[in-house]
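Only one structure is covered here, and it is reproduced in the block below.
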Amino acid sequence: MTRGRSAESAADRNCPNRRRRGNRREHDDRSSAFGRTWIQAGAKIDNLVQVAHNVVIGKDTVIAAQTGIAGSVRIGKRVMIGGQAGIIGHIEIADGTMIGAQTGVSKNLNGGVWWATPSVPLKEAKVQLAWVRRLGEFFERVKKYRSEGEVREPSW
């Protein structure tokens, strides 16, 4: 036994899959981390969150359930990640960034609020969603104009 340390802590130090944690971090027992991952102080991780190898989760970050974080991701301080979000490996998420539920993050995020798959700024995502919801109406109008002979088929 090492002087001043328990046998358990010596075993933890030698484990290749250990997690480095700051104080006051919280995570559910059904969350998991693989490899050398660092969860800093004050981070809160909900259940069923998968955290891969070499990930750094910054101080006071909150991650909701069923989120998947691939390897070598760096998450800044005070980041909020909604449920069922997915983050690919080898990217950085800046301090204070907010990621909406079911967002697919595939590039570095430099702050702000992000949503959709692939992730776009929330304002842009709202515009895209509004256009998608209007597509049905648009197609009906095109059909009507074609049946009245006002719109011709393309000649290509």
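Laboratory data are not the source of any read-out in this text; all were calculated from the coordinates shown. Keep in mind it's a predicted model, so treat the numbers as computed, not measured. All Cβ positions, even for glycine, are placed from backbone atoms using ideal geometry, and neighbour counts span all protein chains on display.
Applying 0.36 nm per residue to the separation of Trp131 and Ser106 and subtracting their alpha-carbon distance, the gain on full extension is 6.7 nm.
Determine the dipole magnitude for the range 65-156: charges of +1 sit on the beta-carbon of Lys and Arg, -1 on that of Asp and Glu, nothing else is charged, the reference point is the Cα centre, and the result goes in debye to the nearest 20.
Approximately 120 debye in magnitude.
Per the Kirkwood formula applied to alpha carbons, the range 73-156 shows a radius of gyration over Rh ratio, Rg over Rh, of 1.27. For the pair Phe139 and Lys123 in one chain, pulling the backbone fully straight at 0.36 nm per residue adds 3.3 nm over the alpha carbon distance.
Under 5 Å between amide hydrogens, built in the peptide plane, is the criterion, and for Asn54 it picks out Arg36, Thr37, Ser72 among residues at least 5 positions away or on other chains.
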